[in-house]
Amino acid sequence: MNQRRLPFGILTLAGLTACGAEPPPPPPLVDMAPLQERVRLRIHDRPDGVATHDFNGDGRDDLVIGGDSISILVADGVGGWDRRSVEPMESMEQAIDFAMGDVNGDGRIDLVVAEHNAPTAQFLLWLGATNGSFQRAPGSPFRVDAEPHLHTLELFDVNRDGHLDVITDSWPENRLVVVLGNGDGTFDLPGRQIPVPPAPMQNLVAADFNEDGWLDVVTPAHDREAITVMLGDAQAHLRAAPGSPFASFGGFTTVACVDVDADGNQDVLAVHRSDASTQYKVDGLSVMLGDGTGALRHAPNSPWIDLPERSNALAHGDWNGDGFVDVAVLGEVHHELALWLGGPDGLTRAGRFRIEGRSRGLGAADVDGDGRDELLVPDFASAELVVLAWNAPKSPSSSGE
């Protein structure tokens, strides 16, 4: 579906401690990464979270930014954007995670949104229109059998009936919820619960981990400091992969899937956020390599520790244009990025960078078509999207071009 799923900002206000006081000033950076702020784009108030998808089929990454409202920006390939209209939904509390696909079978991309802080567990649906705008679907929001509200969702055809389905979380019950789609913009509500190891917070992603042609689901197992892999099959079941959950590092984990080591198998990136009020005192990044069977193991040097305080979002892309997967992690206290560059021997640290404002969420896309991904950071304070570019000569590609 040419969709890159990216993690989102966590739910506390960035830059504030638990008691609401400003944190102490950060120490000076000694390993500054060569990033440069390229542009700030005005978006809606109180933005939080960003995702990418090719909405118009031109091969370019377009943007969805959430929070108290939704902005959709369609790329022109040279650094400009066409803002698409999204019909307001007055009752919406907080758009925190997104999935994109053709839900009603009309050949246009639709937008499904996990609504956090809603009084009931529900997701929202906007249908793509012929003029490129997005209209609220009849019956939206859709209530599901989950507690207390939704943090995350994915969109794929679970049962291979040709219709896209929704899978989301009910983490206090140690459950995932599968909501089958009917192919016309309606769903078989309230969905079917699937038990998973405790607790599946904060997000989930779908990818084929055992290379059988069926999408599988990866989610954190917070209470076990581990990563859960649930394998899909032809009967629309999700079952734990042998050996799952796989030990990672800490709690408050956000995951993303990508082939880190270019061996053809899906791998997992997992950032672990510290919280002084819990036993999780250290921020970390786990790089879990897949073997094509559904099993995961730590890569060399994993987990990485000594990350920015309260690291709560991650993104992957190719910052320097060499063809290897690079990684960035965002810490919410000092709005600080930690970066890694990929190479034939794995990831190496590439320094840190501080962002002016109150950053909420992290994404990546090749904004200007130069073969290098920019980092995308919503600024909660200024209602802007900050675009950061790698400010160093383009590296030779891994293919030798």
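Can you give the net charge of the other residues whose Cβ lies under 10 Å from the Cβ of residue 96, counting K and R as +1 and D and E as -1?
-4
Rolling a 1.4 angstrom probe over the protein heavy atoms, how many square angstrom per residue are accessible across the chain?
On a per-residue basis, 38 Å².
When only alpha-carbon atoms count, how far does the chain stretch along each of its three principal axes, as whole angstroms with the largest first?
Extents along the principal axes, in whole Å: 54, 52, 47.
If you build the convex hull over the alpha carbons only and average its shadow over all orientations, what do you get for region 324-401? Give it in nm² to one decimal.
Projected area, direction-averaged: 5.6 nm².
Among 356, 332, 309, which one moves the most in a GNM of the chain with springs linking Cα atoms closer than 10 Å?
For the chain, modelled as a Gaussian network with Cα springs under 10 Å, the answer is 356.
How big is region 65-126 on each of its three principal axes, counting only the C-alpha atoms and giving the largest first in Å?
Principal extents (largest minus smallest coordinate, Cα): 41, 27, 17 Å.
For region 348-393, state the average projected area of the convex hull of the C-alpha atoms over all orientations, rounded to one decimal in nm².
Dividing the Cα hull surface by four gives the mean projection, 3.9 nm².
Using the Kirkwood formula over every pair of different C-alpha atoms, what hydrodynamic radius in Å results for region 114-260?
Final number for the Kirkwood radius of region 114-260 is 15.8 Å.
Considering amide H positions built from the backbone, and no H for Pro or chain starts, which residues 5 or more places from residue 35, or on another chain, come under 5 Å of its amide H?
391
Check which residues have an amide H placed less than 5 Å from residue 359's amide H, if you skip close sequence neighbours.
380
Could you check which residue among 198, 300, 308 shows the biggest mean-square fluctuation in a GNM of the chain with a 10 Å Cα cutoff?
300
P(r) for region 38-164: what percent of alpha-carbon pairs falls in each 5 Å bin, starting at zero?
Spelled out bin by bin, region 38-164 gives 2, 11, 20, 24, 20, 13, 7, 2, 1 percent.
Specify, per residue and in Å³, the volume enclosed by the convex hull of the alpha carbon atoms belonging to region 258-370.
Considering the Cα atoms of region 258-370, their hull volume per residue is 117 Å³.
Got a sec to turn the phi values of region 52-61 into Karplus ³J(HN,Hα) couplings, 6.51 cos²θ - 1.76 cosθ + 1.60 with θ = phi - 60°, whole Hz, x for Gly and Pro?
Coupling constants for region 52-61: 10, 6, 8, 6, 10, x, 9, x, 10, 6 Hz.
How large, in percent, is the carbon and sulfur part of the accessible surface of the chain at a probe radius of 1.4 Å?
The computed percentage sits at 50.
Under Stokes-Einstein, with the Kirkwood radius over Cα pairs standing in for Rh, what whole-number D in µm²/s applies to region 186-282 at 10 °C and 1.306 mPa s?
In µm²/s, the coefficient is 111.
The values are calculated or read from the model by the stated rules, or taken from the named source; none is laboratory data. Predicted, not measured: the structure shown is a model, and the values here were computed from it. Positions of Cβ are backbone-derived with ideal geometry, glycine not excepted, and every protein chain shown enters the neighbour counts. Ligands, DNA and RNA are excluded from the accessible area calculation, which covers all protein heavy atoms including side chains. Shrake-Rupley method; radii C 1.70, N 1.55, O 1.52, S 1.80 Å.
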